[in-house]
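Shown next, in structure tokens, is the structure this report addresses.
The values are calculated or read from the model by the stated rules, or taken from the named source; none is laboratory data. Everything quoted here is computed from the prediction, not taken from an experiment. Here the Cβ is made from the backbone with ideal geometry for all residues, glycine too, and neighbour counts use every protein chain on show. When the accessible area is computed, the model is the full protein with side chains, heavy atoms only, and any ligands, DNA or RNA have been set aside. Shrake-Rupley method; radii C 1.70, N 1.55, O 1.52, S 1.80 Å.
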Amino acid sequence: MENITPMMRQYLEIKEKYKDCILFFRLGDFYEMFFEDAETASRELEITLTGRDCGLEQRAPMCGVPYHSADSYISRLINKGYKVAICEQVEDPALAKGIVKRDVVRVITPGTVTDSSMLDEKKNNYLLSVYRLGFLFGIAAVDITTGEFYATRITWGNTESKLIDEIARYSPSEIIANAEFSNDEELVGLLRRRVNTYLTAFDDSYYNGDFARQKIMQQFGETDIPGDEGDPALNAAGALIEYLEQTQKVNLKHIRKINNYKVEEFLILDAVARRNLELTETLRERKRKGSLLWVLDRTVTSMGGRCMRKWIEQPLKTPSDINDRLDAVSELRDKFMVRMEIRELLKRVYDIERLIGKIVLGSANCRDLVALKNSVGQLPYVKDVLNSCESKIIVQGLKSLDTLQDVYELIDAAIIDDPPVTVREGGIIKDGYNSEVDEYRRASTEGKSWIASIESKERERTGIRNLKVGYNKVFGYYIEVTKSNLDLVPQDYIRKQTLVNCERYITQELKEIENKILGAEEKVVELEYSLFIEIRDWLARQVGRIEETARFIAELDVLCSLAEVADRENYCRPVIREDGIIAITDGRHPVVEKMIGRENFVANDTLLDLDENMISIITGPNMAGKSTYMRQVALIVLMAQMGSFVPAARAEIGIVDRIFTRVGASDDLASGMSTFMVEMSEVAEILNNATPKSLLILDEIGRGTSTYDGLSIAWSVIEYISSSERLKCRTLFATHYHELTDLEGRLKGVKNYNIAVKEQGKDIIFLRKIVRGGADGSYGIQVARLAGLPEIVLERAMEILAELEAANISKKEGRRRRSRPPVEGQIDLFAYAAAQAAKDGIINALRNLDISNLTPIDALNELYKLQQMLKNI
């Protein structure tokens, strides 16, 4: 190592501090990478791997990318899960003694990306910090681009499950965690299967309570310390701030407050429910189109798009807050012209939240400042248009709305309307903003005329007709006088050089003009950059005002979007109730209706309460629409509680605290779980965490195992849900076990419904209408015919079905069995199965009788035996 070059020694010293990063080392116009970093980057970025002499026996592997196009390469590395440390020159090479000083100015990780080209403009990019202490968890989340910072704790119930659900809601790009969490392979494995994210173990010392409290006080002040002493959210938040400081290396003053919240303050949706209800992306293709967000999001700003996503993923539980939102949506729906004018104005508003984030982080350029100016320029007009509104949210927002007139005026006066991308090459400050800039610009453009003017003026003043002003690189500008005219030289001339035929002089005025002309272009570039920094720093100090304004604009955009959807899609305002009643008239699935057209969608009613209509058992054929109907009810409830109008003729929505779903079949091969095991795990999760205020959507419980096992489980689950001592909550339960329809009349609150169908010869027509009563059958063979199974297969299936019915395993025989007097108390499904087996034994005995060889007395004896067998059933 003694022979290593100074530059490579500098590289290795810096690399030693950032072992977990790919180091982009600035050399001239390139970012270079060496050794393992070069090999990794060459492979991942598909760029040429070369070598460089570094004083070692072998050349150092090396590759590089141009600094002006580095963002695209960094983006590709970040998307592959790497961290990138940016190492820049931190001193002027012209002033450097020896090798130029370099240092890392920023570390870019998946959770700290700020480049807009690497981000989804309508989705937050969250970085999460998790602190685990036994079964207690603290969570802190930040979006560095917008300054939003949240903290909560999970300290009771099934805390691991709640943690995964809350992490899934944030869908973070990156998670940092203490050792107790990151070393738990089982929990980390579950997290990775549920959430596509990158997990980094962060030093436990940064999660220390005292250290964390100190960090929070430095960033936010004492009033924003989350929770009580020992609150795990405090540890998570403190570590998160430290991680940001280590990676960003700048003042994070746009992160101004911690939003402390409790998970239970909002309608809770676990990861399974979010996936099954397709809130923000579809279940199979993971696309936005076909999700609830796709239907509701007609926002015209990036801020509004992110706010809409938050409202969908975190609906409210407090009736007054819900009604405040509904009041605003109702007013904007009714005031068509107000809504249209606001939406037109908001179309000219850029992403203020991320613009101020870039300004504070020091990465904003002049185009960002102009975008901010153009955005705040719309605020006075927005305020004027909204003055006629009366709803609480809008009135309160208007009272506190800062139109940021001083921000607009400063940028408008200082920055040209169409500035270049770079801020270090001049041409960004308007004429008239700074007199020194104006003077330098005149010097660079009018220098020759200034010199000619001085020459003319000096000739007239001295009377020396052949006096001239010249220039060379050694002395700069000078006045040249021939020796025959030396007696005419004024006293203020300063001799600079003597030649054979003439003398050269300078004057104070000429020197001053020389200073302005020589280097005027360099000086104006430096001065313009200095002024830009002053303006940017002043704007950064206005971060609080700008963020509050941006928040109101985002919410206003969401309210206008919900009003627009309500108006165009014929939604109704839901009535929010606290007595648990969910009564929907002509309800529609918002997404399916949008996909197939309103005229093709069959609307359905729903009635659920906590008394006589608590559990709806829904039977009917496959493909008839049971799952669509149940999801429709869940989405209408969710939309109502987020403050949206709903797709129905009328809707009364009793507040729910959680929505659970068990829909569809899937296995989990990674954890060795079969389809049935996954189903049972989800059912267990629901029964262990649901409350009397929850809404349960259960689709075909028990279908992944044998008929009797599945029926037994489904029956028992319904009994458990209906029991006032155990759960007693509103439930939609779809099934193909027609035996379950016997529960109406046996269990209080159970009602039977079915999806109506119409038989037409061998075919059926789905009417898509929910009606009272159980279904006549599952129509499986008819559905198979619709799916295109060969006719020979269908005919054989009909023959087998007829044989099964004859063997008393049919629907009709089942209905006769169910018509027997019920067993006292709850039905004993095991006795029910034993009786069925005995009946099958009698049938087999009859089949095996050799009637042709029986004597009359033998026939009587056999008949007596069969009679006794029947009596024992």
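Restricting attention to the range 656-671, the residues being open to solvent by 30 Å² or more (accessible area, probe 1.4 Å), assigned to a loop (DSSP other than H, G, I, E, B) and either modelled with pLDDT under 50 or closer than 19 Å to Ala690 by Cβ (or both) number 1. When Cys366 is tested against (1) within 27 Å of the chain's Cα centre (by Cα); (2) closer than 26 Å to Glu121 by Cα, only condition (1) is not met.
When you scan the range 734-757, do you find a residue that is farther than 25 Å from Lys317 by Cα, open to solvent by 20 Å² or more (accessible area, probe 1.4 Å), assigned to a strand (DSSP E or B) and among the charged types (D, E, K, R), even just one? Within the range 734-757, one or more residues are farther than 25 Å from Lys317 by Cα, open to solvent by 20 Å² or more (accessible area, probe 1.4 Å), assigned to a strand (DSSP E or B) and among the charged types (D, E, K, R).
Go through the range 716-733 residue by residue and tally those that are in contact (Cβ under 8 Å) with a residue 60 or more places away in the chain, open to solvent by 10 Å² or more (accessible area, probe 1.4 Å) and not hydroxyl-bearing (Ser, Thr, Tyr). Quick ask: steps written out before the conclusion?
Quick first cut of the range 716-733, residues in contact (Cβ under 8 Å) with a residue 60 or more places away in the chain only: 718-719, 721-722, 728-733.
With open to solvent by 10 Å² or more (accessible area, probe 1.4 Å) added as a condition, the list becomes 719, 722, 728.
Now restrict to residues that are not hydroxyl-bearing (Ser, Thr, Tyr): 719, 728.
Adding up the residues that qualify gives 2.
Taking each residue of the range 526-554 that is free of Cβ contacts under 8 Å to residues at least 40 places away in the same chain and looking for partners that are among the charged types (D, E, K, R) with beta-carbon atoms closer than 6 Å, six or more apart or interchain, yields nothing. When the residues of the range 760-776 are narrowed to those that are surrounded by 18 or more Cβ atoms within 10 Å (Cβ to Cβ) and at pLDDT below 75, which ends up farthest from Asn613 (Cα to Cα)? If we take residues in the range 760-776 being surrounded by 18 or more Cβ atoms within 10 Å (Cβ to Cβ) and at pLDDT below 75, then Ile764 is farthest from Asn613 (Cα to Cα). Taking the range 304-355 as the region of interest, how many residues are open to solvent by 10 Å² or more (accessible area, probe 1.4 Å) and farther than 25 Å from Leu638 by Cβ? Residues flagged as open to solvent by 10 Å² or more (accessible area, probe 1.4 Å) and farther than 25 Å from Leu638 by Cβ within the range 304-355 amount to 16. Summed over the range 241-262, the residues that are in contact with a helix residue (DSSP H, G or I) (Cβ under 6 Å, 6 or more places away or on another chain), open to solvent by 10 Å² or more (accessible area, probe 1.4 Å) and assigned to a helix (DSSP H, G or I) give a count of 1. Scanning the range 419-450 for residues that are open to solvent by less than 40 Å² (accessible area, probe 1.4 Å), in a helix (DSSP H, G or I) and either touching a strand residue (DSSP E or B) at 6+ places or on another chain (Cβ under 6 Å) or farther than 16 Å from Ile513 by Cβ (or both) turns up just one, Val437. Only residues that are assigned to a helix (DSSP H, G or I) and either modelled with pLDDT under 75 or surrounded by 21 or more Cβ atoms within 10 Å (Cβ to Cβ) (or both) were counted across the range 683-706, and they come to 1. Filter the range 237-288 for residues that are under 23 Å from Gly544 (Cβ atoms) and among the hydroxyl-bearing types (Ser, Thr, Tyr) and give the result. The answer is Tyr261, and nothing else.
Select, from Thr48, Thr5, the only residue that is hydroxyl-bearing (Ser, Thr, Tyr) and within 19 Å of Asp103 (Cβ to Cβ). Working first, answer last.
Working: Thr48 fails: within 19 Å of Asp103 (Cβ to Cβ).
Unique residue meeting the criteria: Thr5.
Quick check on the range 451-467. Is at least one of its residues more than 30 Å from Ala364 (Cα to Cα), outside any helix (DSSP H, G or I) and in contact (Cβ under 8 Å) with a residue 24 or more places away in the chain? Yes, some residue in the range 451-467 is more than 30 Å from Ala364 (Cα to Cα), outside any helix (DSSP H, G or I) and in contact (Cβ under 8 Å) with a residue 24 or more places away in the chain. Of the residues that sit in the range 288-303 and are in a helix (DSSP H, G or I) and touching a residue at least 40 places away in the same chain (Cβ under 8 Å), which one is most open to solvent (accessible area, probe 1.4 Å)? Among those residues, the one meeting the criterion is Trp294. Checking each residue in the range 510-545 for being under 41 Å from the mean Cα position of the chain (by Cα) and polar (S, T, N, Q) picks out Ser530, Gln542. Of the residues making up the range 359-405, those that are surrounded by fewer than 19 Cβ atoms within 10 Å (Cβ to Cβ), of a type outside the set (A, V, I, L, M) and without any contact (Cβ under 8 Å) to a residue 24 or more places away in the chain are Lys383, Asp384, Asn387, Gln396, Lys399. If only residues of the range 121-140 that are assigned to a loop (DSSP other than H, G, I, E, B) and of a type in the set (Lys, Arg) are counted, the one that is surrounded by the fewest Cβ atoms within 10 Å (Cβ to Cβ) is Lys123. Within the range 618-632, can one find any residue that is free of Cβ contacts under 8 Å to residues at least 12 places away in the same chain and outside any helix (DSSP H, G or I)? Scanning the range 618-632, I find no residue that is free of Cβ contacts under 8 Å to residues at least 12 places away in the same chain and outside any helix (DSSP H, G or I), so the answer is no.
At least 1 residues being small (Gly, Ala, Ser) and either in contact with a strand residue (DSSP E or B) (Cβ under 9 Å, 6 or more places away or on another chain) or open to solvent by 10 Å² or more (accessible area, probe 1.4 Å) (or both) is the threshold, and among the strands (runs of 3 or more DSSP E) wholly inside the range 1-74 those reaching it are 50-52, 60-66.
Please specify each residue of the range 457-468 satisfying the condition of being of a type outside the set (Ser, Thr, Tyr) and either within 12 Å of Tyr493 (Cβ to Cβ) or in contact with a Gly (Cβ under 6 Å, 6 or more places away or on another chain) (or both). Can you show your working first?
Step one: filter the range 457-468 for residues of a type outside the set (Ser, Thr, Tyr), giving 457-461, 463-468.
Result: Glu458, Arg461, Ile464, Leu467.
Inclusion of Leu23 among residues that are under 33 Å from the mean Cα position of the chain (by Cα), modelled with pLDDT of 90 or more and not β-branched (Val, Ile, Thr) is warranted. The condition of being touching a residue at least 40 places away in the same chain (Cβ under 8 Å), open to solvent by 50 Å² or more (accessible area, probe 1.4 Å), within 30 Å of Tyr198 (Cβ to Cβ) and out of contact with any Ser or Thr (no Cβ under 6 Å at 6 or more places or on another chain) holds for only one of Val105, Val90, that being Val105. In summary, strands (runs of 3 or more DSSP E) completely within the range 566-611 and bearing 2 or more residues that are crowded, with 20+ Cβ neighbours inside 10 Å occur at 582-587, 604-608.
For Glu521, state whether it is over 30 Å from Met308 (Cα atoms), touching a Phe, Trp or Tyr at 6+ places or on another chain (Cβ under 9 Å), in contact (Cβ under 8 Å) with a residue 40 or more places away in the chain and open to solvent by 30 Å² or more (accessible area, probe 1.4 Å). Outline the logic, then answer.
Working: over 30 Å from Met308 (Cα atoms): yes; touching a Phe, Trp or Tyr at 6+ places or on another chain (Cβ under 9 Å): yes; in contact (Cβ under 8 Å) with a residue 40 or more places away in the chain: yes; open to solvent by 30 Å² or more (accessible area, probe 1.4 Å): yes.
Yes, satisfied.
Checked against the criterion of being among the aliphatic types (A, V, I, L, M) and in contact with a helix residue (DSSP H, G or I) (Cβ under 6 Å, 6 or more places away or on another chain), the candidates Leu527, Leu531, Leu486 yield just one match: Leu527.
One residue is enough: does the range 75-88 have a residue meeting the conditions of a type in the set (D, E, K, R), part of a loop (DSSP other than H, G, I, E, B) and over 29 Å from the mean Cα position of the chain (by Cα)?
Narrowing the range 75-88 to residues of a type in the set (D, E, K, R): 76, 80, 83, 88.
Checking which are part of a loop (DSSP other than H, G, I, E, B) leaves us with 80, 83.
Next, only the ones that are over 29 Å from the mean Cα position of the chain (by Cα) stay: none.
For the range 75-88, residues of a type in the set (D, E, K, R), part of a loop (DSSP other than H, G, I, E, B) and over 29 Å from the mean Cα position of the chain (by Cα): absent.
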